[in-house]
1. May I have the pair-distance distribution P(r) for region 75-140, computed from all Cα-Cα distances with 10 Å bins from 0 and rounded to whole percent?
2. Mind listing the long-range amide H neighbours of Val101? Cut-off is under 5 Å, sequence gap 5 or more, other chains count too, H placed in the peptide plane at 1.01 Å from N.
3. Counting only residues 5 or more places away or on other chains, whose amide H sits under 5 Å from the amide H of Thr128 once H atoms are built in the peptide plane?
4. With only alpha-carbon atoms in the gyration tensor, what are the semi-axes of the equivalent ellipsoid for region 168-211, in Å, largest first?
5. In region 18-160, carbon and sulfur make up what percent of the accessible area (probe 1.4 Å)?
6. Could you tell me which trypsin sites (Lys or Arg not before Pro) in region 153-235 are loop residues by DSSP with no more than 16 other beta carbons within 10 angstrom of their beta carbon?
7. Dipole of the chain, Cα-centred, from +1 at each Lys and Arg C-beta and -1 at each Asp and Glu C-beta, to the nearest 20 debye?
8. Taking amide H atoms as placed 1.01 Å from N in the peptide plane, list the residues 5 or more away in sequence, or in a different chain, whose amide H sits under 5 Å from that of Ser70.
Amino acid sequence: MNTQHKTLLVSFSCALTLTACGGGGGNTPAPVASDASFNLQSAQRSEFVTPSVRNFSVSGTSNGFAVTGSGTETAGSVTAGTFEGTAALQRTTTVSGSVVVNGITLPLASSTTDWTDTNYVPKGSASTSEYTVIQGTPAIPTAARVGDLGTLFTATRYADSTRTGLIGTMRTTYSLAADTATTALVSVTSLYYSASGAHTRTVSRQYRINTSNQLTPVLVSDVDFTSNLNLLLQY
């Protein structure tokens, strides 16, 4: 579980409550509340250290115009690094693809680096437009159950690593919803606030977790209130 939001559509954004993923229809099975407990801390570590290449589709609206497109998210290998002057582990995730808005094709091209401490606890992240520093130590549950929810961490957002330009803050929460007898849907939701405290954006990532504490990404919902942007990425 990547508890830090990756700015999947940063290039598009600069130019431009989760529901369960599924195609609908009368044959969709009803969700089942699993009795199992899920180790989100172990799942976070496994997700972070495992390189991956994942394709996704994009749909939604931008200023009232329909958005469609597709892309590929590539998470690299973990390497040694430093964050805020201390030893850390880091991983870079890149996104490529394109979207069509009002008949115009725009490229998707972004790169985000996430850092953890040497125990794989998230510390912060950086993209081309933002540098995020997590405050304190994230509280990632080791025995979460369907119906559980809480705050994972709060973070301060800067324009870059010099920390001279304050953008605002972010609060990231988690919740577990019913799925099947052996899986649950984990939603990791980041609420973005401006320096003045205004709620400007909500980004939610949804995963399916199994009893082996393995995560499969399902979707990302990105609602930016300042730019009238509402996007859904489905894996």
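1. Taking all Cα pairs of region 75-140, the binned fractions are 19, 42, 22, 12, 4 percent.
2. Close amide H contacts, sequence-distant or interchain: Leu106.
3. Those lying under 5 Å, H to H, from Thr128 are Ser111.
4. Calculated on Cα positions only, the semi-axes equal 29, 7, 6 Å.
5. 51
6. In loop regions of region 153-235 (DSSP not H, G, I, E or B), the sparsely surrounded trypsin sites (Lys or Arg not before Pro) are Arg163.
7. 40
8. Val58, Ser98
The values are calculated or read from the model by the stated rules, or taken from the named source; none is laboratory data. Values in this document were obtained by computation on a predicted structure and should not be read as measured data. Using ideal geometry, Cβ is built from the backbone for each residue, glycine included, and neighbour counts are taken over all protein chains shown. Quick note on the areas: whole protein, heavy atoms, side chains included, nothing else; ligands and nucleic acids left out. Shrake-Rupley method; radii C 1.70, N 1.55, O 1.52, S 1.80 Å.
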